[in-house]
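Peer 1: Below you'll find the structure I mean.
None of the figures in this text is laboratory data; all of them are computed from the coordinates on show. These figures come from a predicted structure and were not determined experimentally. Quick reminder, even Gly has a Cβ in these numbers, built from the backbone with ideal geometry, and neighbours come from all protein chains shown.
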Amino acid sequence: MANTLVNFYVLLGVEPEVSASEIKKAYRRLAKSHHPDFGYHDLSDSERNSATEFMMRLNEAYETLADKSKRAAYDSLIGANRHNRIRAAATKVFHESDEGEHRELYVRQIFTPSRSAIVKVISKYKQQLVDLSQDIYDEELLAEFEKYVNEVEVVLRRASTALSSRVVPGSLNAAVQMMRYCIAQAVDALDELQRFCQNFDYDHLHMAQNLFRESIDLSRKALELSKSNRW
C-alpha cells in the first residue's frame with residue numbers, strides 16, 4: 001500500500017533525523033491508542049473506518065522507516081520531490097482556509113473536545129474508587145466499575161482518532177503531540193484497570209491512579225502549548 005501522499009515522519013510525529021529507536025517509540029505510542037481492538041466495537045462505522053485506515057498508514061510508515069534500506073530509499077524519494085510536495089500541501093491548506101482559521105477550527109472542533117472528554121472521564125476515577133472501596137467483590141459495584149472502564153476505553157479511542165483525523169496546523173504540532181503523550185499514559189492506566197477486573201489486585205487501581213494523574217498533567221501542558229504556540 002504505497003501512499004506517497006503521506007509523509008511518514010509527520011505521521012509518526014518525528015523529525016527525519018531521529019534514530020531508529022525513536023521511530024520505534026513513536027510507533028508504539030501511536031499504535032497503542034489506535035489498535036483495532038481498542039474500543040473498536042463501541043465506535044461508529046465512520047470512526048472504525050478512520051481508525052483502521054490510520055492504523056494501516058501507521059504500519060506502512062513504521063515498516064518503511066524501521067528498515068534501513070527502505071528508509072534510505074524513502075528519504076531519497078521525498079528529498080527528490082520535497083519542493084513539489086511542500087508547494088502542493090501549502091496550496092491545499094490555504095485554498096481551504098488561512099492558517100489562523102485552520103488553527104481555530106482544529107482547536108474548536110478537535111483539540112478542545114478531545115481534551116475535555118479525556119479530562120472529564122479521568123476525573124470520575126476518584127469517585128469510582130470511593131464507590132468500589134465499599135466492597136471490591138460486590139457484583140453490582142464491579143459491574144458499575146466495568147462500565148466505567150469501558151467508558152474510558154471509548155473516550156480514549158475517539159480522542160485519539162479525532163486528533164489524527166485532520167491535518168494538524170503547524171502551530172499546534174507541539175500541543176497535539178503532548179495530547180498523544182497524555183493519551184498514551186491514560187491507555188497504560190486503562191490496562192491496569194482491565195487487569196484489576198481480571199484478578200482483583202488492588203495494586204492495579206493504585207497504579208492506574210498514578211498514571212491518570214500523569215495523564216492529566218500532560219493534558220494541562222498540552223493546553224498551555226495550544227495557547228502559547230501561535231503564528
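Peer 1: Within a Cβ distance under 13 Å of Arg108, other residues only, what is the Lys/Arg minus Asp/Glu net charge?
Peer 2: +1
Peer 1: Right, another one. Which links in Lys68/Lys221; Lys25/Lys68; Lys25/Lys126; Lys120/Lys227 stretch past 27 Å when you go from one Cα to the other?
Peer 2: From the list (Lys68/Lys221; Lys25/Lys68; Lys25/Lys126; Lys120/Lys227), the Cα-Cα distance tops 27 Å for Lys68/Lys221; Lys25/Lys126.
Peer 1: Let me ask you something else. So how much slack lies between Ala66 and Ser165, counting 0.36 nm per residue of separation and subtracting their Cα-Cα distance, in nm?
Peer 2: 33.2 nm
Peer 1: Pull up the cross-link candidates among the lysines for Lys32, meaning alpha carbon to alpha carbon under 17 Å and not fewer than 8 places away within one chain.
Peer 2: Those lysines meeting the cut-off are Lys24.
Peer 1: In addition: Among 195-208, 154-167, 104-117, how do they line up from the highest to the lowest mean number of other beta-carbon atoms within 10 Å?
Peer 2: 154-167, 104-117, 195-208
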